[in-house]
Amino acid sequence: MSPGTLYIVATPIGNLEDITLRALRILKEVDLIAAEDTRHSRKLLSHFGISKPLTSYFDHNKTLKGAQILEKLQEGLSVALITDAGTPCISDPGYQLVRDAVAAGISVVPLPGACAAIVALSASGLPTDHFTFAGFLPNKQGKRKERLQALSSEKGVVIFYESPKRVVASLRDMLEILGDREIVVGRELTKMFEEFLRGRVSAVIDQIEGREVRGEVAILVSAAEEDVEQEAPPLEDLLRRYLDEGVTVKDAVKRVVAETGLPKGVVYAEALRVKG
């Protein structure tokens, strides 16, 4: 018996009209639909008059359900993998299932469609020739700052997803670690109350602080300043001057950031190198 096919089907991130004709056809033809949240997906399928067997597939059951889905595929059944919104496997469950299907010789067919990161980037007004998708930042502030520090030198736009409950906290950490860069915050993308906030990090914080933010949020951060590398010699001189005076690394970094306006993460990294 020939194995079935695993279809990776993108679904709308808000506006139901954004589903493709091909996605609708595949969802009507497959034997089984694996959904992140079956209750949520039933609403989508019912809207388009699609009645197919559903099974859940999400982070906490992916090992068990992945094995069961793989068995169905090996029996010759066709399966569509969908997520609550957007393209499966992009900051959503699915890559393990795809990996295992490929290893088992099962055909994996992707269907293009909505993706919040690309939607936000296309309307951001920021350069689009080079970008990094970083997904969701860690919940804990310490880990979040470490992640931001690791991305501080990226030469293109960096795209994050964020929960509305943590967006202000994440923006404050970005201001501290990345500096007051140009950013774009998109929320409720493709929906009735779609909104883009643009400006420096500090200005966007002022716009959003105190408001009730709803819906998933995409944050796009402009590239590291081109002149940071050119400022390296005077930056090193400044740090050496303070460190030679016996000032702690922490206080030296604080003083140099205040004098130069450079991102704290960049100054701290240089301070550690100079301290050596």
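Structure notes:
- In the range 122-212, chymotrypsin sites (Phe, Trp or Tyr not before Pro) in a DSSP loop with at most 15 other beta-carbon atoms within 10 Å: Phe193
- Extension gain for Ser153-Lys250 works out to 32.9 nm (0.36 nm per residue, less the C-alpha to C-alpha distance).
- For the range 117-224, the share of DSSP beta bridges that are antiparallel, to the nearest 5, is 75%.
- Per-residue ellipticity at 222 nm, computed for the chain from helices alone with -39500 (n - 2.57) per DSSP H run of at least four residues, works out to -13000 deg cm²/dmol.
- Beta bridges per DSSP with both ends in the range 1-131, % antiparallel, nearest 5: 5
- Packing-based order for 30-36, 267-273, using average beta carbon neighbours within 10 Å, highest first: 30-36, 267-273
- Remark: Ile82, Ile106, Ile50 ranked as Ile50, Ile106, Ile82, counting other beta-carbon atoms within 10 Å and listing the fewest first.
- Interchain or long-range residues, amide H under 5 Å from Glu216's placed H: Glu188
- Pairs over the 28 Å Cα-Cα cut-off, from the set Lys72/Lys191; Lys72/Lys143; Lys43/Lys72; Lys43/Lys65; Lys155/Lys254; Lys155/Lys191: Lys72/Lys191; Lys72/Lys143; Lys155/Lys191.
- Under-5 Å amide H pairs with Gly156, H placed in peptide plane, nonlocal only: Ala224
- If the Kirkwood radius is taken over C-alpha pairs of the chain, then at 37 °C and 0.692 mPa s the Stokes-Einstein diffusion coefficient equals 155 µm²/s.
Just so you know, all these numbers are worked out from the coordinates, no wet-lab data involved. Keep in mind it's a predicted model, so treat the numbers as computed, not measured. Cβ sites come from the backbone with ideal geometry, for glycine too, and all protein chains shown count toward neighbours.
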